[in-house]
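Structure record follows, encoded as structure tokens.
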Amino acid sequence: MKIRDAKDAALDMISLGECMVRLSPAGRQRIEFATEFEAWIGGGEYNVAYAVGRMGLRAGWISRLPDNYVAGMIRNHARGGGLDISDVVWVPYDGVGRADRVGLNFTEVGTGVRGSVTMYDRGHSAASHMKPGEVDWKKVFGKGVRWFHTGGIFSALSPSCADVALEALKAAHDAGVVTSYDLNFRSKLWSAKEAMAATQKLLPFIKVLIGNEEDFIKVLGMKIEGLKEDFRGLEVDSYKKMVEQVVKKIPTVEGIGTTLREVVSGLVNHWSAIFWHEGKFYESRKYENLEIEDRVGGGDGFAGGVITGLLSGKGPQGAVEYGAAHGALAQSTRGDTSMVTLEEVEHVVKGGSARIKR
């Protein structure tokens, strides 16, 4: 994997995708009975860039937003995390949101046998109206960028977003930028058939694929031996066979990362990850009975950790350890985005405990 030297780039990575305002009932209350909501900022591809920035690298994010107060929440959050947002497309706000608006999502944090639930309110968002030609990708990558990331959530927002993803990936590929794509299948946004058709056009320009077992099944049409409907009890060897299918189907891919999550309850999961690179598999530490505060964003945390590890020269083993550790830590706090430092990630990677620090 040829990654540009840091001294020859203005940014270590840039992501492309929608960012929303997430509204969650306080504690683990139900949406329909909530009397107050916590406001969080997040979105699949945004979360990855934010995580990379939190861990000390130079990260940027590109999207399309209306110029209003709610979008200002996103702007302030991005700036607070040190993200470069100079290439975000800002459009006038019509005062009502008929033309463009900020997407919302309502998320219940699960507990016990009740899983977490997300309800979207993101129709007609400014990001979903993004069209090819709105961003000068030659200029973006001409600044010097080492890594570009986008994913299936952004591509699913509209046919034009899938076209923008293709436009950006092509430009990044032509500029010698390493590209990654999180398959991130969302059945509420599109069907498996639509996801497969759109993703096929993108695959020639993707170097690193990230996803879980459902993503590989629904988006790439893979089959996993021994898979149960609830995804429980799946052996690592079955995941490896699935990844080998992907490599055979897409010989241009250079890295594949997947998280292994087994849900014990809404608050306890078994968690680990594997990463394939140049014909070899690398396995992370296994986090048995991982106690979870909020599982939303765990996969994005994994992606951000892998990208940080590879950009920092940690190699594939270090990258998968960074990814699994960061994903585990990201699920220990509320909200989608990382509140984790590089020091904390490295502490966990080295086997450090949760003993109180004073």
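The values are calculated or read from the model by the stated rules, or taken from the named source; none is laboratory data. What you see is a predicted model, and the numbers here were worked out from it, not measured in a lab. Heads up, the Cβs are rebuilt from the backbone with ideal geometry, glycines too, and the neighbour counts pull from every protein chain shown.
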Single residue of 320, 306, 296, 246 found to be part of a loop (DSSP other than H, G, I, E, B) and among the aliphatic types (A, V, I, L, M): 296
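Conditions tested, residue by residue: (1) more than 17 Å from the chain's Cα centre (by Cα); (2) within 22 Å of residue 157 (Cα to Cα); (3) at pLDDT below 95; (4) in a loop (DSSP other than H, G, I, E, B).
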residue: 40; (1), (2), (3), (4): no, yes, no, no
residue: 45; (1), (2), (3), (4): no, yes, no, no
residue: 50; (1), (2), (3), (4): no, yes, no, no
residue: 71; (1), (2), (3), (4): yes, yes, no, no
residue: 78; (1), (2), (3), (4): no, yes, no, no
residue: 86; (1), (2), (3), (4): yes, no, no, yes
residue: 98; (1), (2), (3), (4): yes, yes, yes, yes
Close pairs from the stretch 105-132: first closer than 30 Å to residue 90 by Cα and of a type in the set (Val, Ile, Thr), partner assigned to a loop (DSSP other than H, G, I, E, B) and at pLDDT below 95, Cβ under 8 Å, at least 6 apart: 107/116; 107/296; 118/296
Meets criteria (farther than 25 Å from residue 61 by Cβ and not in a helix (DSSP H, G or I)) for residue 259: no
Sole exception among (1) of a type outside the set (S, T, N, Q); (2) modelled with pLDDT of 95 or more; (3) part of a helix (DSSP H, G or I) for residue 313, by number: (3)
Matching residues in the stretch 258-311 - criterion: being aliphatic (A, V, I, L, M) and under 21 Å from residue 339 (Cα atoms): 267, 268, 273, 290, 292, 296, 303, 306, 307, 310, 311
Residue in the stretch 281-301 that is modelled with pLDDT of 90 or more, touching an Asp or Glu at 6+ places or on another chain (Cβ under 7 Å) and over 22 Å from residue 186 (Cα atoms) present: yes
Residues of the stretch 40-67 that turn out to be within 23 Å of residue 126 (Cα to Cα) and of a type in the set (Lys, Arg), as a count: 1
Residue that is in contact with a strand residue (DSSP E or B) (Cβ under 6 Å, 6 or more places away or on another chain), under 23 Å from residue 301 (Cβ atoms) and surrounded by fewer than 19 Cβ atoms within 10 Å (Cβ to Cβ), where the choices are 268, 264: 268
Of residues in the stretch 100-117 being surrounded by 14 or more Cβ atoms within 10 Å (Cβ to Cβ), in a strand (DSSP E or B) and not basic (Lys, Arg), the one farthest from the chain's Cα centre (by Cα): 111
